[in-house]
Amino acid sequence: MARKLFGTDGVRGEVGTFLTPDLALSLGRAATAGLPAPASGDAPRVLVIRDTRESGQMLQAALAAGITAAGGDALLGGVLPTPAAPLLVRRYGFDLAAVISASHNPYADNGIKFFGPDGFKLSDDAELEIERRMEAGVGPAERIGRVHDLHGTQEDYLRELAVRFDGLDLSGLRVLLDCANGATFAVAPEIFCRLGADVTTVAAEPDGRNINAGCGSTHVEALAGRVAEGGFDVGFAFDGDGDRVLAVDRRGAVVDGDELVALAALHLKVEGVAMTVMTNYGFHAAMTAAGVEVATTKVGDRYVLEELRARGWRLGGEQSGHIIDMAFCPSGDGIASALLTLEALGGGDLADRRAMEKLPQKLVNVRVADRRATMEHPDVAAAVERESAALEGRGRVLLRPSGTEPLVRVMVEAPTAQEADEACERLVAVVTAAARAA
């Protein structure tokens, strides 16, 4: 049986047309029915948290109904960043956690993803088993569970951050935080204030529909202008569920996940890092110079996490701002990553960072009818080989099909922006012609 519902980050889609209350109820019921009975004889305990989307409360109610119908207790933790789920599961020994969020997607979408009792996202096999139970149907439970409001969850999460960053003194630092009108709107400014920073926030007034709307890590340009104009020392932009972050230095320059991981890798003195194929060539050069091994994965934080677990490494991430520090949390955590960046700087200025030298990058999305046929066209393979040879030792070429859209992504990194633009233009022309012929 092939997976039909779960993607690379849970079940996600438009509310009402794909993600309905009925589907949420079925997911909650099937996920809970597969849990082993606690040795204590009590009901399995399932934590449920959400972001600020207007559909969150509806889906939370439906998910809780499914959990209790299968004999579990649903513990409602309220609005919290996604990484709070694995942290709280581990702290309190819950049997499962569910996060209702569509991350950086617009408000009309939502999603449901699960974390196991070990704090890790469920495996592909576990998700497939949930789908099997949904398809087969779940019989009535011997007893129904209950729904409880779980109080103090924000403070629990803040305590985890405070313990990890005990000794980090941000006194006098002027920080601008873009909370994307999402799950970080309360906890992010609070922890920065507790550590002594002078905090100003934008996009920290969620109304259920303004999450990620022209703000957050997917629209960091707005924050960049405000940091420079307002005389702030640094800025951070989170996404809707708080598992990623991008930074802005005092001059208004955007600092992406590659640079943030490079800073952390040198600070933590790690032996290796896991990064995706999208990572800038300059990152690899910097890590080679520092004696840090780099493992390359497919795009997606779940693949980064798999590589970290397989190798027993601590640190990894994505250019988009997903950064995983396994010593703190087995998930991307935007707030923790922002604080790790400031810890790595040791009171220094982000504008003076020297962790890596980014190569100019050009990325173009080419719309195609058949991704596979286009990628396998001999002219495309020949063009990639030709451009790669011209950049050998100085840059790189990457072509990959989108996993969700009818696109082929063409990326070139070269020593100069002009060389990157010209090589990318030549490759796009070949891909476009091949798409027409496919």
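The values are calculated or read from the model by the stated rules, or taken from the named source; none is laboratory data. In this text, all values refer to a predicted model and were calculated from it rather than measured experimentally. Quick reminder, even Gly has a Cβ in these numbers, built from the backbone with ideal geometry, and neighbours come from all protein chains shown.
Have a look at 19, 76, 25, 59 and point out the one that is within 21 Å of residue 149 (Cβ to Cβ), outside the structural domain of residue 218 (by TED's automatic domain parsing) and crowded, with 24+ Cβ neighbours inside 10 Å. Matching residue, one of 19, 76, 25, 59: 59. Residues that are farther than 24 Å from residue 347 by Cβ, assigned to a helix (DSSP H, G or I) and modelled with pLDDT of 95 or more do not occur anywhere in the stretch 175-183. Considering 253, 222, 228, the condition of being at pLDDT 95 or above and either among the acidic types (Asp, Glu) or outside the structural domain of residue 80 (by TED's automatic domain parsing) (or both) is satisfied by 253 alone. Filtering 384, 380, 412 for residues that are farther than 25 Å from residue 104 by Cα, outside the structural domain of residue 195 (by TED's automatic domain parsing) and not in a helix (DSSP H, G or I) leaves a single hit, 412. The number of residues in the stretch 191-218 that are free of Cβ contacts under 8 Å to residues at least 24 places away in the same chain and touching a His at 6+ places or on another chain (Cβ under 8 Å) comes to 0.
Part of a loop (DSSP other than H, G, I, E, B), among the hydroxyl-bearing types (Ser, Thr, Tyr), at pLDDT 95 or above and crowded, with 19+ Cβ neighbours inside 10 Å: does that describe residue 68?
Numbers: part of a loop (DSSP other than H, G, I, E, B): no; among the hydroxyl-bearing types (Ser, Thr, Tyr): yes; at pLDDT 95 or above: yes; crowded, with 19+ Cβ neighbours inside 10 Å: yes.
No: the conditions fail for residue 68.
Let's see how each residue does on (1) among the hydroxyl-bearing types (Ser, Thr, Tyr); (2) crowded, with 21+ Cβ neighbours inside 10 Å; (3) within 21 Å of residue 183 (Cα to Cα); (4) in contact (Cβ under 8 Å) with a residue 12 or more places away in the chain:
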residue: 97; (1), (2), (3), (4): no, yes, yes, yes
residue: 101; (1), (2), (3), (4): yes, yes, yes, yes
residue: 135; (1), (2), (3), (4): no, no, no, yes
residue: 151; (1), (2), (3), (4): no, no, yes, no
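Answer yes if at least one residue in the stretch 115-131 is more than 20 Å from residue 325 (Cβ to Cβ), over 24 Å from the mean Cα position of the chain (by Cα), part of a loop (DSSP other than H, G, I, E, B) and not assigned by TED's automatic domain parsing to the domain that holds residue 242, and no otherwise. The answer is no, given that none of the residues of the stretch 115-131 is more than 20 Å from residue 325 (Cβ to Cβ), over 24 Å from the mean Cα position of the chain (by Cα), part of a loop (DSSP other than H, G, I, E, B) and not assigned by TED's automatic domain parsing to the domain that holds residue 242.
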